[in-house]
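Below: one structure in structure tokens.
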Amino acid sequence: MGLTQTQEYYLQTMGVDVYRSRDRALDDPASNSDEVRTASVRVPETTVQESEIWRDLRQRVAKCQQCELYRERTQTVFGVGDHHADWLIIGEAPGAEEDKQGEPFVGRAGKLLNNMLFALGLQREQVFIANILKCRPPKNRDPKPEEVNACSSYLREQIDLIQPKIILAVGRIAAQNLMKTETPIGKMRGRRYQYADTGIPVVVTYHPAYLLRSPREKRKVWQDLQLAMRVYKETA
């Protein structure tokens, strides 16, 4: 996959080495940021009915008490992004900052996810980002099966509404729960999967929080992102 100068810049911010000819230097980071900010973003027209469906779903999630997690949450984390996105990013569960802000993937992990998207030529606003769980588990522990089951219908509704061209499962919890497997994520990488009965392709990669602890794995993530882009182009 050919890289633009902007993509090379964000790969470097991820910690992935980029090899290029000597006479080609990266643009100034500030100009790259301007390029990203001014890039065209598809803003789809939504019907009143679609808006009402999303509003109803958001309200049901906000009031949900189907598992014990509602007792300690600050707020639910519904998900953010383009309701007509081609790319759906699914993570594990909200952390402390996500619980406070009501938005998935914030803080350092969120910044790294943004860089991963930028490396693909995507902005955060062009994708939809959600989690397996809508509420934070205490002390960021792994979700329990009954908690995942309680949230699964909400996630499925989001997927059915968005109809993405590809799902990027970020992290072990997301990958294993989406694929209904206990296979280690290291063995799940590098393959194309399918979500349930939808026909929507799924590609698995490591979670940004894991990459912050294990930066040497970032090159593997770049390989996963390249695979995801190839799969996406086949379906687009």
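The values are calculated or read from the model by the stated rules, or taken from the named source; none is laboratory data. If you're wondering where the values come from, they're calculated on a predicted model, not measured in any experiment. Virtual Cβ from ideal backbone geometry, glycine too; neighbours counted across all protein chains shown.
Residue under question is residue 167, and the condition is that it be of a type in the set (Val, Ile, Thr), under 26 Å from residue 82 (Cβ atoms), in contact with a Leu (Cβ under 6 Å, 6 or more places away or on another chain) and modelled with pLDDT of 95 or more; does it hold?
Judged against the criteria, residue 167 is a match.
Shifting gears a bit: Do the conditions hold for residue 133, that is, is it surrounded by 21 or more Cβ atoms within 10 Å (Cβ to Cβ), within 30 Å of residue 215 (Cα to Cα), in contact (Cβ under 8 Å) with a residue 12 or more places away in the chain and in contact with a helix residue (DSSP H, G or I) (Cβ under 9 Å, 6 or more places away or on another chain)?
Values: surrounded by 21 or more Cβ atoms within 10 Å (Cβ to Cβ): yes; within 30 Å of residue 215 (Cα to Cα): yes; in contact (Cβ under 8 Å) with a residue 12 or more places away in the chain: yes; in contact with a helix residue (DSSP H, G or I) (Cβ under 9 Å, 6 or more places away or on another chain): yes.
Yes, satisfied.
Only one residue in 15, 2, 81 is within 30 Å of residue 226 (Cα to Cα), modelled with pLDDT of 95 or more and of a type outside the set (A, V, I, L, M, F, W, C), so which one is that?
On the way: 15 fails: modelled with pLDDT of 95 or more; 2 fails: modelled with pLDDT of 95 or more.
Going through 15, 2, 81 in turn, just one is within 30 Å of residue 226 (Cα to Cα), modelled with pLDDT of 95 or more and of a type outside the set (A, V, I, L, M, F, W, C): 81.
OK, next. Among 57, 122, which is the only one that is at pLDDT 95 or above, surrounded by 14 or more Cβ atoms within 10 Å (Cβ to Cβ), more than 25 Å from residue 222 (Cα to Cα) and out of contact with any strand residue (DSSP E or B) (no Cβ under 6 Å at 6 or more places or on another chain)?
So the residue among 57, 122 that is at pLDDT 95 or above, surrounded by 14 or more Cβ atoms within 10 Å (Cβ to Cβ), more than 25 Å from residue 222 (Cα to Cα) and out of contact with any strand residue (DSSP E or B) (no Cβ under 6 Å at 6 or more places or on another chain) is 57.
Just name the residue that is modelled with the lowest pLDDT out of those in the range 84-98 that are surrounded by fewer than 19 Cβ atoms within 10 Å (Cβ to Cβ) and among the charged types (D, E, K, R).
First, pick out the residues of the range 84-98 that are surrounded by fewer than 19 Cβ atoms within 10 Å (Cβ to Cβ): 84, 86, 96-97.
Filter once more, so that each one left must be among the charged types (D, E, K, R): 86, 97.
Working: 86: 98, 97: 94.
Only one residue fits best here, namely 97.
Here is a follow-up. Suppose we keep only residues that are touching a residue at least 60 places away in the same chain (Cβ under 8 Å) and touching a helix residue (DSSP H, G or I) at 6+ places or on another chain (Cβ under 6 Å) within the range 148-161. Which one would you say is surrounded by the most Cβ atoms within 10 Å (Cβ to Cβ)?
154
Answer yes or no: is there a residue in the range 173-184 that is among the small types (Gly, Ala, Ser), touching a Gly at 6+ places or on another chain (Cβ under 8 Å), under 21 Å from residue 127 (Cα atoms) and not in a helix (DSSP H, G or I).
So in the range 173-184, the residues among the small types (Gly, Ala, Ser) come out as 174-175.
Okay, now just the ones that are also touching a Gly at 6+ places or on another chain (Cβ under 8 Å), so 174.
Filter once more, so that each one left must be under 21 Å from residue 127 (Cα atoms): 174.
Those still in the list that are not in a helix (DSSP H, G or I) too: none.
No: zero hits.
With (1) outside any loop (DSSP other than H, G, I, E, B); (2) buried (at least 17 other Cβ atoms within 10 Å of the Cβ); (3) not small (Gly, Ala, Ser) as the list, and residue 164 as the residue in question, which single condition is left unmet?
(1)
Quick one: is residue 37 of a type in the set (D, E, K, R), surrounded by 15 or more Cβ atoms within 10 Å (Cβ to Cβ) and either closer than 26 Å to residue 175 by Cα or modelled with pLDDT under 95 (or both)?
Numbers: of a type in the set (D, E, K, R): yes; surrounded by 15 or more Cβ atoms within 10 Å (Cβ to Cβ): no; either closer than 26 Å to residue 175 by Cα or modelled with pLDDT under 95 (or both): yes.
Criteria not met by residue 37.
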